[in-house]
1. Calculate one ³J(HN,Hα) per residue across segment 138-143 by plugging θ = phi - 60° into the Karplus curve 6.51 cos²θ - 1.76 cosθ + 1.60, and present them in order as whole Hz with x for glycine and proline.
2. Would you mind ranking I129, I177 by Cβ crowding within 10 Å, fewest neighbours first?
3. At 27 angstrom or more along the helix axis (alpha-carbon based) and mean Kyte-Doolittle of 0.5 or higher, what helices does the chain contain? Whole DSSP H runs only.
4. How big is the equivalent ellipsoid of segment 102-192 along its three axes, where each semi-axis is √(5λ) from the Cα gyration tensor, reported in whole Å from largest to smallest?
5. When you have a sec, figure out the Kirkwood radius of the chain from all distinct Cα pair distances and drop it here in Å to one decimal?
6. With the calculation restricted to Cα positions, what are the radius of gyration and Dmax of segment 53-159 in angstrom?
7. What does the C-alpha gyration tensor say about the overall shape of segment 127-169? Classify as rounded when a/c is under 1.5, otherwise prolate if a/b is larger than b/c, or oblate.
8. Between T94 and residues 5 or more places away or on another chain, which pairs have amide H atoms under 5 Å apart, with H built 1.01 Å from N, and which residues are they?
Amino acid sequence: MRLRHKVSIITGAGAGIGQAAALLFAKEGAKVVVADFDPKAGKETLDQIKKDGGDGLFIKVNVTQVRDVKKMVAGTLKHFGKIDILVNNAGIYTKGDVVTTSEENWDKILKVNLRGVYLCSKYTIPEMIKRGGGSIVNVASEAGLVGIKNQVVYNVSKAAVIMLTKSIAIDFADQGIRVNNVCPGTTETPLVRMAIQKEKDPKKARKALEECRPANRLGKPEEIASAILYMASDEPGYATGSSLVIDGGYTAQ
């Protein structure tokens, strides 16, 4: 029960890594705000939390919209009275190099993957400060650490999240706010499965993703969720502005 009495917001908690984190946080004693743009997916996560004996709340949110983010923060405070943990997990993906990526897709990816982290942090941190501190975990990616071919804007968005993490960490360390990120490798999520299925040869594409890393497999959402839990908890209390890489050895090569 490492998060007993803690209130956490997890964005993109309707599926994949966000859902795995929400379920794990609830099992570890947290009250979980399941924040997602998809009401059906979000409510399914909340139903599972309650089925397992946990406590939570679903809030529909578009993390790129100030009004939605403010409502998410206000709804959490109204229901639970405080915010201890924020997990900025919501993210989207597109393929393409700098020539083939459309201006529309460039803006869309950066809005969700970067602006979303900025807005959620911006409106949550003041509430954490009022209570003497808090913990923020941003879900970046191995793609923010090394260049991965044919996904330029995704790479850029995740690299920016890593620097945003460091910047927020040093700005608010003296007010009790810890800000860290996890950098997952390719993980078996609906987003990844969808990307694989769009390839001309999905089986070959999946094999290539597995074989490019020493572990020779994709990650599991539960493995990434465990890393998020650790960084969100009080255990690594001296860690702020740091990255925890969980990528099957990809970036160690």
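1. 9, 8, 8, 5, 4, 5
2. Ordered from fewest to most neighbouring Cβ atoms within 10 Å, I129, I177 come out as I129, I177.
3. Values: long enough: 152-172 (30 Å, 1.23).
Helices passing the filter in the chain: 152-172.
4. 26, 14, 11
5. 18.1 Å
6. 15.8, 50
7. Prolate, because a/c is 1.5 or more and a/b exceeds b/c.
8. So T94 has HN proximity to Y154.
None of the figures in this text is laboratory data; all of them are computed from the coordinates on show. Only a predicted model underlies this, so the values are computations on that prediction, with no experimental measurement involved. We place every Cβ from the backbone using ideal geometry, glycine too, and count neighbours over all the protein chains shown.
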